[in-house]
Amino acid sequence: MSASGPRRIAIVCPTLLNNDAVGSATLNMVRDLSEDPDNRVTLLCRNSDQHDIEVTHVRSLPDLLLTDAFLQADVVIYVFAIFSELFDAMLLGNGRARQIVRFHNVTPKAFVDTADHAIIDRSIAQIQNFAAADELWADSQENQQELIRQGLDPGRIRVMDLAVQPPTVSALSHKARNRIELIYVGRFVQSKGVHELLRALAMVRERTIVPFHARLLGNTRHATPEYMQALDGLMSDLDLHDLVEMGGTVSDEALAQAYGRAHVFVTASRHEGFCVPVIEGLAAGCVPVSYPNSNLRYIASGLGRLARGDTPEALAEALTAVIENLYDSADAGDGQGLELDRGPMTVAQFDQAARTYVGTFTREAAAHRMQDRLAVLSVLHTLPATTEA
């Protein structure tokens, strides 16, 4: 807190989009910090969709540096997911504020179109600006490790899990399991591996007699027409139209209903800095099944099944095992153990473990983490500098 009143916090988020993980995380951060009467929060954006939070628009780096909310801030939080000239502001700061970077990671070049390679290179290079910040808030273990790989001081990096507001809360034990329902939620882009997921689902059909159905939902805003056409062609080639429903973007109510019916959350994503849908799925009573890469290695905390490798064949193997396990347990009741990465457990034990784990991602828990760190940084900021004899 400043000596003259509330702590003034400027949050710099160059692009703020609805139905986007970074956008949702930023809006949650603004709301949660604003609920503390000791904070006065201003959101600074270059581009933003319409939402219920006031935004101060800045046109350029010079505009940001001359904006009153930036100049008067006690704390500046930069929301970093991709290159923006606005992030060069941290090299100068405002001469007084504690500077924090909320790091959402950068998708590797290997998983994006060639046309996007230049912006990925600029994004990775800009991470070196973080050396000017006082503290780095990594969303996850994966993002923490990426910052260390980039040569940044581990002592200034803190894992600060995002807040997740699940569309619905349910339990696996409350769901009939005479047909196993699968759900994918995410963007329809190549790095999310939707095409590989379709191939894996075709393989599962050949490996099991257990009836199952998959719904693929999520944000198609950044999907190219070419990729969507390729997915539709693959659906036809693999004869999946009766087995897979590719719904794209749906309403919040429809998404909640889809999670509520599903038994398994599945993804063939090649890179995740966090992966909110895994937490949403666990909250809804879904067993996560995924590739074993990036933060997917950690985000389910062993309450799902990781494939043996990043291939459709390996994903199909893991998915088949979970589908058959769930279907078998429908006959045996909760006494039949689920075989998960954490170890065997009953359906009831899974529900309890998932409920406890998901509780660490509430907005209240995330707000406490942020407030604790801001309090520590404020104390450090007021300590007298030490001098050598």
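What to note about this one:
- Some residue of the range 200-211 being in the same structural domain as Glu313 (by TED's automatic domain parsing), outside any helix (DSSP H, G or I) and aliphatic (A, V, I, L, M): yes
- Among all positions in the range 315-324, there is at least one residue which is out of contact with any Leu (no Cβ under 8 Å at 6 or more places or on another chain), under 22 Å from Ile209 (Cα atoms) and charged (D, E, K, R).
- Enumeration of residues in the range 285-333 that are aromatic (Phe, Trp, Tyr) and either surrounded by fewer than 20 Cβ atoms within 10 Å (Cβ to Cβ) or over 17 Å from the mean Cα position of the chain (by Cα) (or both): Tyr298, Tyr327
- The set of residues in the range 41-56 that are within 20 Å of the chain's Cα centre (by Cα) and in a strand (DSSP E or B) contains only Ser48.
- The sole residue among Thr360, Thr320, Thr356 that is in a helix (DSSP H, G or I), polar (S, T, N, Q) and touching an Asp or Glu at 6+ places or on another chain (Cβ under 8 Å) is Thr360.
- Scope the range 146-167; condition without any contact (Cβ under 8 Å) to a residue 60 or more places away in the chain and either surrounded by fewer than 18 Cβ atoms within 10 Å (Cβ to Cβ) or within 14 Å of the chain's Cα centre (by Cα) (or both); matching residues: Ile148, Arg149, Gln150, Gly151, Asp153, Pro154, Gly155, Arg156, Val159
- Restricting the range 253-272 to residues that are closer than 16 Å to Asn219 by Cβ and out of contact with any Pro (no Cβ under 6 Å at 6 or more places or on another chain) leaves a set whose member that is surrounded by the fewest Cβ atoms within 10 Å (Cβ to Cβ) is Ala254.
- Yes/no for Gly23 being of a type outside the set (Asp, Glu) and exposed (fewer than 14 other Cβ atoms within 10 Å of the Cβ): no
- Residues that are aromatic (Phe, Trp, Tyr), within 18 Å of Glu181 (Cα to Cα) and in a helix (DSSP H, G or I), drawn from the range 212-266: Tyr259
- Selection from the range 19-36 of residues that are in a loop (DSSP other than H, G, I, E, B) and under 12 Å from Ile9 (Cβ atoms): Asp36
- Taking each residue of the range 86-114 that is surrounded by fewer than 20 Cβ atoms within 10 Å (Cβ to Cβ) and looking for partners that are in a loop (DSSP other than H, G, I, E, B) and of a type in the set (Phe, Trp, Tyr) with beta-carbon atoms closer than 9 Å, six or more apart or interchain, yields nothing.
- Where His271 falls short, out of the listed (1) in contact with a Phe, Trp or Tyr (Cβ under 7 Å, 6 or more places away or on another chain); (2) under 19 Å from Asn18 (Cβ atoms); (3) not polar (S, T, N, Q): (2)
The values are calculated or read from the model by the stated rules, or taken from the named source; none is laboratory data. All figures in this text were calculated on a predicted structure; none of them were measured in a lab. Cβ: placed from backbone, ideal geometry, glycine included. Neighbour counts: every protein chain shown.
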